[in-house]
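Colleague: Have a look at this one before I ask anything.
Here, each number is a calculation from the coordinates, and none is a lab measurement. Because the structure is a prediction, the values reported are computed rather than measured. No Cβ is skipped: glycine too gets one built from the backbone with ideal geometry, and neighbour counts run over all protein chains shown.
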Amino acid sequence: MSYTNVIEKPRLDVKKQTIATVSAIIGAVVIPQLFHVMGALSGTGTAIGETFLPMHLPIILVGLLAGSVPGAIAGLLSPLVSSLITGMPGQLMLPFMMIELCMYGLFAGLLRNKKMPNITKVLTAQVAGRAVRAIAILFAVYALGNDAIKTAVIWKSVVAGIPGIALQWVLLPLLLYRIENTRKHE
């Protein structure tokens, strides 16, 4: 008997991957707006988005459900679409958000068929996305001489986002469990 660390999940056709990608982009634009409304009502403003990281949820989810290409594309495009429609994220952070979310979707997708707990997949995608974002910021500051952004933003965003990171640990495995069980019973 041989042990394998891969789960054979069916590959989605191009139509389903496209629908998943577009749905994730829409989710990554709409869900943060709901948080911004809650922030406005509570008086916390946009800080609630930085705390709960609502844009990350649909991107990691689409990677885990549809694969690395839909995840990476949705992650790359959703901050751009959101910025064009809503003005958030702002121009200073936009390229870093695009890189970060692209990496979340890519790494989540690469883990899609790996035999490991879903929470481990989420955590791995989170660490990889934040690490690549940190590298991009450090490169912009030290190699390109960008003085408009400070390296302290790397640590500040991690600390500020701890509730959102924890929310992803709870919500994403539950959503994946629910979706996968629904698929098994169809």
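Colleague: If you take every residue apart from Ile154 with its C-beta less than 12 Å away from the C-beta of Ile154, what net charge results, scoring Lys and Arg +1 and Asp and Glu -1?
Modeller: +3
Colleague: Mind listing P(r) for segment 75-122? All alpha-carbon pairs, 10 Å bins, whole percents.
Modeller: 28, 38, 23, 11
Colleague: Just how many % of Cα pairs in the chain lie over 31 Å apart, if you round to the nearest whole percent? Don't skip to the end; give the middle numbers.
Modeller: Details: 2849 of 17205 pairs.
Tail of the P(r) past 31 Å holds 17 percent of the pairs.
Colleague: Count the lysine pairs in the chain whose Cα atoms sit under 24 Å apart, keeping only pairs 8 or more residues apart in sequence or on different chains.
Modeller: For the chain, the number of qualifying lysine pairs is 14.
Colleague: On a 0 to 90° scale, report how tilted helix 94-110 is relative to the longest principal axis of the chain, with both axes built from alpha carbons and the result rounded to the nearest 10.
Modeller: With rounding to tens, the tilt is 10 degrees.
Colleague: Another question, then. Specify the inter-centroid distance of segment 98-119 and segment 1-80, based on alpha-carbon positions, in whole Å.
Modeller: When both Cα centres are located, 11 Å separates them.
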